[in-house]
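The values are calculated or read from the model by the stated rules, or taken from the named source; none is laboratory data. Note that the coordinates shown come from a computational prediction; the quantities given were computed from them, not determined experimentally. Here Cβ is always computed from backbone atoms with ideal geometry, including for glycine, and neighbour counts include all displayed protein chains. Protein only, heavy atoms only, side chains kept; ligands, DNA and RNA dropped before computing areas. Shrake-Rupley method; radii C 1.70, N 1.55, O 1.52, S 1.80 Å.
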Amino acid sequence: MVSRVIPVDSFDLVIFGGTGDLARRKILPGLFRRFRAGQMSAESRIIGAARSEMDADGYRAFVREAVAEFDPDSEGDAEHLERFLARLDYVTLDAKGEEGWTDLAGLLRAGVVRAFYFSVGPALFGALAERLHAHEIASPDCRIVVEKPFGRDLESARALNRTLAQHFEETQIYRIDHYLGKETVQNLMAIRFGNMLFEPLWNSQYVDHIQITVAEEVGVGGRGEYYDRSGAMRDMLQNHMMQLLCLIAMEPPAKFAPDPVRDEKLKVIRALDPVAREDVVRGQYEGTRDQNSYRIEVGNRDSLTESFVAIRARISNWRWAGTPFYLRTGKRLRDRASEIAVVFKDAPHSIFGAKAGHHRNILTIKLQPNEGIELGVTIKEPGPGGMRLVDVPLDMTFADALGPEEADFPDAYERLIMDVIRGNQTLFMRGDEVEAAWGWVDPIIADWTEAGEAPLPYATGSSGPDDALMLMHRDGRRWREIRA
Ligand code: NAP
């Protein structure tokens, strides 16, 4: 198979916060990879903007370093890198000030796609939106990309939506959730809606339960102060995990197009039951001899913020009534492993007798570290000795199934930025979706805030607090092992 790279139209992309961590680690190295792949046209331009005083050459030096650090493959590809760096420019401006905007306006071309990446804190979104209009830089068909966190509750998300709506149409706003840009997440839709095999079984009649795990091995590290204001629920569950839940649970959209897909995801969120207190477990990691506890990492003080959360969710609709969805995410867990496991029910009757044991099909969609899909099937154990059964995986790790070249697919950010340029919002969250997600999460947070309970301690390198295990045990189920 040969990779097909379809070039996008010529564009001018302005990165507000172009000197920040996200730009350095993800956006700029990602754009370089797209340039190298031949997807970005030779005339397209990227303009960094931030308060730091710098000229275009200074910015090119900054980007050169970022690419060297975060895209080690770029070494030895000097020709592409020089051509890429020549496409860069920089403007010094303060989102809240008036200087620099005329310079920015002067750099932008007419008749090409114009996109603005707001890679700054949400407190600056309003100021940027206002100035883009006041200085007549925002064209009627320009696009803006906004980052998480999109609010910290329903009220603030609504306020952000209102602010953006004063200046931009919903069709111009790209709320990024990089999980949606992951190859496997899109493959989840391909598996569900491109095959006859799974969809007829994709309901509570055949699916016992679904587990969604996003486990990290690292702690909060240097991000302690930011993280402590947010916690696992706001940082991971409200956005990334709820998006995964939506894609797993949604009805087939009539088309793979922005509104049909987002309408179906919204219906899932609206069908989620309120969560009872006994269906939520919160945890906070303890330290080891070598590693600090959460408490130490957020400034050596007691904190009621959770670094782990597990939830049993229920979707009240015809497809899913009776099939629980168990979600868990946390830091300092046993391994870095994210997956969705669709656990099918037992066969109604075993013709092989009790000795053959219990066997279940499990479809596992692995998001990291190695993206791929695995289907557990039951077969006869080879050899003589009667009908003994054994579970084996039908493994489709993309790198193995497609070959390393095909599996060298773009990182989530690269793909999503190219979608912005193409004007395709399918993999971006709509305003009402984000609000609905906060609407479900807010009462859960309010409930534990009111109770004032501290999160349960859990050991670094474990699977989280024991109560999280109990969340499933009491239903006669168990979490899958956290394993990369
Ligand atoms: P960061 O490292 O603190 O960078 C912030 C950027 O904004 C810098 O370039 C800064 O440059 C610029 N800036 C700050 N105030 C400004 C102002 N008044 N006017 C113009 N520019 C200003 O933050 P980040 O980690 O890159 O994050 C950016 C956004 O992405 C945040 O909303 C964050 O929540 C989100 N995000 C980040 C990550 C990540 O991995 N880093 C992941 C997901 C989401 P100057 O100081 O020179 O102005």
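Helix 431-451 and the longest principal axis of the Cα set of the chain meet at an angle near 60°. Per 20 Å bin from zero, what fraction in whole % of the C-alpha pairs of the chain is there, up to the bin with the longest pair? Per 20 Å bin, starting at 0, the Cα pair percentages come out as 22, 54, 23, 2, 0.
Near the amide H of VAL14, within less than 5 Å, lie the amide hydrogens of ILE47, ALA115, PHE116, TYR117, all on another chain or at least 5 residues away, with H placed in the peptide plane.
Between GLY20, PHE150, ALA459, the Cα set farthest toward the positive side of the dipole of the chain (charges on each charged residue's Cβ, about the Cα centre) is that of ALA459. Our coupling estimate for segment 177-193, obtained by passing each phi through the Karplus curve with A = 6.51, B = -1.76, C = 1.60 and θ = phi - 60°, is 10, 5, 4, 6, x, 6, 4, 5, 5, 6, 5, 4, 5, 5, 4, 5, 9 Hz, Gly and Pro reported as x. Select from CYS246, MET236, PHE256 the residue farthest towards the positive end of the dipole of segment 216-280; place +1 on Cβ of Lys and Arg, -1 on Cβ of Asp and Glu, and compute about the Cα centre. Selected residue: PHE256. Exposed loop sites here are GluC sites (Glu not before Pro) assigned a DSSP state other than H, G, I, E or B and surrounded by at most 14 other beta carbons within 10 Å; excluding them, the longest clear run of the chain is 170-404.
A Cβ-based charge dipole, computed about the Cα centre of segment 11-147 with Lys and Arg at +1 and Asp and Glu at -1, lands at about 400 debye. Backbone geometry of segment 194-204 corresponds, through the Karplus equation with coefficients 6.51, -1.76 and 1.60 at θ = phi - 60°, to 3J(HN,Hα) couplings of x, 10, 7, 5, 9, 4, x, 9, 8, 6, 5 Hz, x marking Gly and Pro. Out of every Cα-Cα pair that segment 97-212 contains, those further apart than 25 angstrom amount to 44 percent. Less than 5 angstrom separates the built amide H of SER338 from those of ALA215, LEU367, GLN368, all sequence-distant by 5 or more or on a different chain. Scalar couplings 3J(HN,Hα) for segment 31-46, obtained by applying the Karplus form with A = 6.51, B = -1.76, C = 1.60 to θ = phi - 60°, are 5, 4, 4, 5, 5, 4, 6, x, 8, 9, 5, 5, 8, 4, 9, 10 Hz; x denotes Gly and Pro. Give the percent of DSSP beta bridges with both residues in the chain that are antiparallel, rounded to the nearest 5. That works out to approximately 55 percent antiparallel.
For the pair MET470 and ARG289, the difference between a 0.36 nm per residue extended length and the Cα-Cα distance amounts to 62.4 nm. Computed over protein heavy atoms with a 1.4 Å probe, the accessible surface of segment 180-473 works out to 44 Å² per residue. Look at the Cα gyration tensor of segment 11-147: its axes a ≥ b ≥ c give a/c of at least 1.5 with a/b over b/c, and that counts as prolate. Placing +1 on each Lys and Arg Cβ and -1 on each Asp and Glu Cβ, with no other charges, gives segment 255-405 a dipole about its Cα centre of roughly 500 debye. For the chain, a crude dipole built from +1 on the beta carbon of Lys and Arg and -1 on the beta carbon of Asp and Glu, taken about the Cα centre, is about 1200 debye to the nearest 20.
Just the protein heavy atoms count here, and of the accessible area of segment 11-147 at 1.4 Å, carbon and sulfur take up 47 percent. Please compare each pair in LYS265/LYS366; LYS267/LYS366; LYS182/LYS255; LYS182/LYS380; LYS148/LYS345; LYS96/LYS331 to a cut-off of 28 Å on the Cα-Cα distance and tell me which ones are over it. Result: LYS182/LYS380; LYS148/LYS345; LYS96/LYS331 exceed 28 Å. In degrees between 0 and 90, to the nearest 10, how far off the longest principal axis of the chain does helix 125-134 point, with axes built from Cα atoms? For 125-134 against the chain, the angle is about 40 degrees. Computing the accessible area with a 1.4 Å probe over protein heavy atoms, can you report the carbon and sulfur percentage for segment 173-311? On segment 173-311, the fraction of accessible area on carbon and sulfur atoms equals 49 percent.
Structural descriptor for the chain: relative contact order 18 percent, calculated from alpha carbon pairs under 8 angstrom and at least 6 residues apart. Scan segment 1-67 for trypsin sites (Lys or Arg not before Pro) in coil per DSSP, keeping those whose Cβ has at most 16 other Cβ atoms within 10 Å, and list them by number. Listed in order of number, the matching sites are ARG4, ARG51. Each Lys or Arg adds one and each Asp or Glu subtracts one; over the other residues with Cβ under 15 Å from the Cβ of GLY353, this totals +1. In a DSSP loop and with at most 11 other Cβ atoms within 10 Å, the chymotrypsin sites (Phe, Trp or Tyr not before Pro) in segment 284-387 are TRP318. Maximal additional length on extending the VAL390-HIS80 stretch stands at 106.5 nm, based on 0.36 nm per residue less the C-alpha distance. Computed with a 1.4 Å probe over protein heavy atoms only, the accessible surface of segment 11-147 comes to 42 Å² per residue. When segment 11-147 is described by a simple charge dipole with +1 on each Lys and Arg Cβ and -1 on each Asp and Glu Cβ, the residue from LEU31, ALA49, THR92 located farthest towards its positive end is LEU31.
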